[in-house]
Every structure is written in C-alpha cells, then in structure tokens.
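Okay, so here's the structure we're looking at.
The values are calculated or read from the model by the stated rules, or taken from the named source; none is laboratory data. Small disclaimer: the values here were computed from a predicted structure and weren't measured. FYI the Cβ positions are ideal-geometry reconstructions off the backbone, even for glycines, and counts take in every protein chain you see.
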C-alpha cells in the first residue's frame, strides 16, 4: 500500500474516532499509536499529534487553498463532523480550525490527563 494511502487511512480512523463525530472518543489502536509516536517512547505527545494533523491537513487540502472544503473530506466525514470542525460556519475548515479540533480530540482522548496518549 502506498504511504499516502496509509496516511489517509489513519486520518480517517483518527477523525472518525474523535469527538467530531458527536460520540465518545475511542482510544487509539496500537497501530495508530505506533504510527503517531515518532520518537518511539511508547506514547503520543501533543506535539506528535499536532504535527501529524498538520501533515494530514496538507495532504487533504487537495486544491492547496489553505482550507478544506466539504468535497475534500466527504469520503472521511459526515456533514455534522465537518460542521463541528468548521467553527465559523463559512463552509471551509481552515488549518487552524482543523488543528483546534485536533487539540480538543487529544484532550478528550487523554483520559488520565497525563498530557500523552498511551
């Protein structure tokens, strides 16, 4: 499988597991955690998660306009999920809105408030 397809699969899994779905956040699978844990310390730090989401945003922004339209993520998330990311309701999810949702998702997934996902 091509690296971008793997990355897209992780984007989908992480976005769909997070609170943007309106559901309780599911824990990361071991495969997801291993993929995100760039320094191999056994935990995903906020920086690792942020860097990953920044790269994911760049990958998903296929028209390279600095924001995600519904058409760019329609295969990954529902309209409700997209709307939860698009906090200003302009029909576009900016990089900052995407990263802000990622921070909220990280905080929700950090059940023990350790500042890391293990």
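Overview of results
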read-out	value
Residue count for region 39-56, restricted to those that are in contact with a strand residue (DSSP E or B) (Cβ under 9 Å, 6 or more places away or on another chain) and part of a loop (DSSP other than H, G, I, E, B)	2
Given (1) at positive phi; (2) modelled with pLDDT under 95, number of the condition residue 74 does not satisfy	(1)
Filter result for the condition that a residue is surrounded by fewer than 19 Cβ atoms within 10 Å (Cβ to Cβ), at pLDDT 90 or above, closer than 18 Å to residue 109 by Cβ and over 14 Å from the mean Cα position of the chain (by Cα), over 63, 88, 41	41
Candidate set from region 66-85 (those that are in a loop (DSSP other than H, G, I, E, B) and under 13 Å from the mean Cα position of the chain (by Cα)); member that is surrounded by the most Cβ atoms within 10 Å (Cβ to Cβ)	77
Boolean, residue 6 is under 20 Å from residue 112 (Cα atoms), in a helix (DSSP H, G or I), in contact with a helix residue (DSSP H, G or I) (Cβ under 9 Å, 6 or more places away or on another chain) and modelled with pLDDT under 90	no
Filtered residues of region 98-112 (kept if without any contact (Cβ under 8 Å) to a residue 24 or more places away in the chain and either in contact with a strand residue (DSSP E or B) (Cβ under 8 Å, 6 or more places away or on another chain) or assigned to a helix (DSSP H, G or I) (or both))	100, 107, 110
When residues of region 92-113 are limited to those that are modelled with pLDDT of 95 or more and out of contact with any helix residue (DSSP H, G or I) (no Cβ under 6 Å at 6 or more places or on another chain), the one farthest from residue 42 (Cα to Cα)	92
